[in-house]
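Just below is one structure, and these are the notes that go with it.
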Amino acid sequence: MYEVIGSKASRAFRVLWLLEELGVDYDHTPAGPRSAEAVAANPSGKIPALRVDGAVVTESVAIMSFLADRHGALTYKAGTLERARQDALTHQILDDVDCALWMAARHTFVLPEDKRVGAVKDTLKWEYEANIARLSEALEGPFLMGEEMTIPDILLVHCLRWAEIAKFPGPGEVLEAYRARLETREAFRKVSEMG
């Protein structure tokens, strides 16, 4: 049995969505960052964390990769060109989209007030807009990899939702339609409707 530690209002949403897509049983402990539950799983207090087989896996994308590989779904086989492309898309999203959103969050409410630089957010939004346009051009079908949904799809849709909340520029018509399509999936709706 898996246990996901982390509030669905965090990157834990990605892990929960992936587990729902896989259709496997899990427990969810909706803990916030640096809570007692989070620190018990990960001494840094960061979420999400995944308890499995007496061990803990941390970092949302590492957890998703582990689960997808373990269950042979939402991923391509390691050592294939498709997997290399999938991993490249995953890292592109992390580097070009997630990173900008996280940096903006850090300068909005995470860092101590005297360490925040509010003006950096304008630059981050500018950079995000250019990066998201490149991802829009990479869309090859209903999913980023074509006909098969993979980890980068969950990652990108989660980031698009985060960007909207953070008042970042819209992703354009193509990615708006893509996001809307993926948000109709039963697994996505189940996580969205969790208490």
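The figures follow:
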{"read-out": "For residue 36: the one exception among (1) more than 20 Å from the chain's Cα centre (by Cα); (2) among the small types (Gly, Ala, Ser); (3) within 17 Å of residue 163 (Cα to Cα); (4) modelled with pLDDT of 95 or more", "value": "(3)"}
{"read-out": "Residues located in the range 173-187, provided they are in contact with a helix residue (DSSP H, G or I) (Cβ under 6 Å, 6 or more places away or on another chain) and farther than 22 Å from residue 105 by Cα", "value": "174, 175, 182, 187"}
{"read-out": "Subset of the range 81-124 (residues that are closer than 12 Å to residue 155 by Cβ and among the acidic types (Asp, Glu))", "value": "87, 95, 96, 98"}
{"read-out": "In the range 77-132, the residues that are over 17 Å from residue 169 (Cα atoms), under 21 Å from the mean Cα position of the chain (by Cα) and among the charged types (D, E, K, R)", "value": "77, 82, 83, 85, 87, 95, 106"}
{"read-out": "Extreme residue, surrounded by the fewest Cβ atoms within 10 Å (Cβ to Cβ), among residues of the range 47-75 that are of a type outside the set (Val, Ile, Thr) and farther than 19 Å from residue 90 by Cβ", "value": "54"}
{"read-out": "Residue 183 of a type outside the set (S, T, N, Q), under 20 Å from residue 73 (Cα atoms) and at pLDDT below 95", "value": "no"}
{"read-out": "Residue that is nearest to residue 122 (Cα to Cα) [pool: residues in the range 162-191 that are touching a residue at least 60 places away in the same chain (Cβ under 8 Å) and within 14 Å of the chain's Cα centre (by Cα)]", "value": "163"}
{"read-out": "Positions within the range 76-112 being open to solvent by 30 Å² or more (accessible area, probe 1.4 Å), polar (S, T, N, Q) and in a helix (DSSP H, G or I), in sequence order", "value": "92, 108"}
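The values are calculated or read from the model by the stated rules, or taken from the named source; none is laboratory data. Nothing here was measured: the structure is a model prediction, and the numbers come from that model. Cβ coordinates were reconstructed from backbone atoms using ideal geometry, including for glycine residues, and neighbour counts include every protein chain displayed. Keep in mind that these areas ignore ligands, DNA and RNA; they rest on the heavy atoms of the full protein, side chains included. Shrake-Rupley method; radii C 1.70, N 1.55, O 1.52, S 1.80 Å.
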